[in-house]
């Protein structure tokens, strides 16, 4: 596992070095500050996904969860609903999305891949029904100041991002909930044999994860200054790519013989790799499609070395003497 942690760091350092050579402005204070502001929502999003993935499950619906929450908040804001109520309702809607996913997966013992693929379309449909294809904008200053777009010297988004990282580290290090979620991802059957209610912890992981997706939606609409029904489209791919970079195949494919402990910091390094590629390609003036190619190569490099442990072992034929 130490090798995988180091390789994730090395990938990030190599990319930073390459893009700095291509454009010295890459490491300029102005670009680094913009880079941080542009990716606050991604850091918060990966916090939620890490909770679910370290619990041994997956969530492919996160992109349209973010869209749904963003549209709901945007619609309420344009209807002159007080800002605190808009935010609370958006967070509550996000938790409800997680509750639905968690109930179907933990309560009905269904596959998380199948369930979240289905709810992805469900959340997409609800998002478009709410918006009717409209774009919501002209948000009040309290919302725009969260990301520092208006009237804020110390944007709340910075604080939210830091708190989300501290929350994730603290939960898995110091709480029973976090330790049981980690153990569930490592070997669910052991927990069951010891009488621990696995279903309750799966449900908790999905609700917590979706709460952070909702916070990410709030940061995103604050950053963009608008809410549209496709605003979260593709974020699930970014999330899964970051997971692949963080832990290779060990977090995607399940095999009881494979130990799936992955350093929590690797999740953040994984999403930073995606963001660095995007920012570096933009600064270098390259065609956007090259960004997809480079990202795919990096993900393949991270995944392929871990695949052999998951492939079925061939039984060697005994040679007759």
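The values are calculated or read from the model by the stated rules, or taken from the named source; none is laboratory data. Everything numeric here is computed off the predicted structure, so don't read it as measured data. Quick reminder, even Gly has a Cβ in these numbers, built from the backbone with ideal geometry, and neighbours come from all protein chains shown.
Just one of the listed residues (23, 39) is in contact with a helix residue (DSSP H, G or I) (Cβ under 6 Å, 6 or more places away or on another chain) and more than 28 Å from residue 95 (Cα to Cα), and it is 23.
Can you confirm whether segment 118-127 contains a residue that is under 27 Å from residue 166 (Cα atoms) and buried (at least 19 other Cβ atoms within 10 Å of the Cβ)? Looking for residues that are under 27 Å from residue 166 (Cα atoms) and buried (at least 19 other Cβ atoms within 10 Å of the Cβ), one finds none in segment 118-127, hence no.
So which of 133, 148 is on the phi > 0 side of the Ramachandran plot, out of contact with any strand residue (DSSP E or B) (no Cβ under 9 Å at 6 or more places or on another chain), assigned to a loop (DSSP other than H, G, I, E, B) and surrounded by fewer than 14 Cβ atoms within 10 Å (Cβ to Cβ)? Criteria check complete, one pass: 133.
Yes/no matrix, rows are residues, columns are (1) assigned to a helix (DSSP H, G or I); (2) within 22 Å of the chain's Cα centre (by Cα); (3) closer than 16 Å to residue 231 by Cβ:
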| residue | (1), (2), (3) |
| --- | --- |
| 101 | yes, yes, no |
| 104 | yes, yes, no |
| 114 | yes, yes, no |
| 118 | yes, yes, no |
| 123 | yes, yes, yes |
| 127 | yes, yes, yes |
| 139 | no, no, yes |
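Between 167, 241, the distinction of being at pLDDT below 95, assigned to a helix (DSSP H, G or I) and within 19 Å of the chain's Cα centre (by Cα) belongs to 241 only. Suppose we filter 141, 188 for residues that are surrounded by 13 or more Cβ atoms within 10 Å (Cβ to Cβ) and in the same structural domain as residue 64 (by TED's automatic domain parsing); which single one remains? After applying the criteria, what remains is 188. I'm told residue 229 meets every condition in (1) closer than 26 Å to residue 302 by Cα; (2) modelled with pLDDT of 90 or more; (3) in contact with a helix residue (DSSP H, G or I) (Cβ under 7 Å, 6 or more places away or on another chain) except one. Can you identify the failing condition by its number? All conditions are met except number (1).
Looking across segment 123-142, the residues that are touching a residue at least 60 places away in the same chain (Cβ under 8 Å) and under 16 Å from residue 213 (Cβ atoms) come down to 123, 124, 127.
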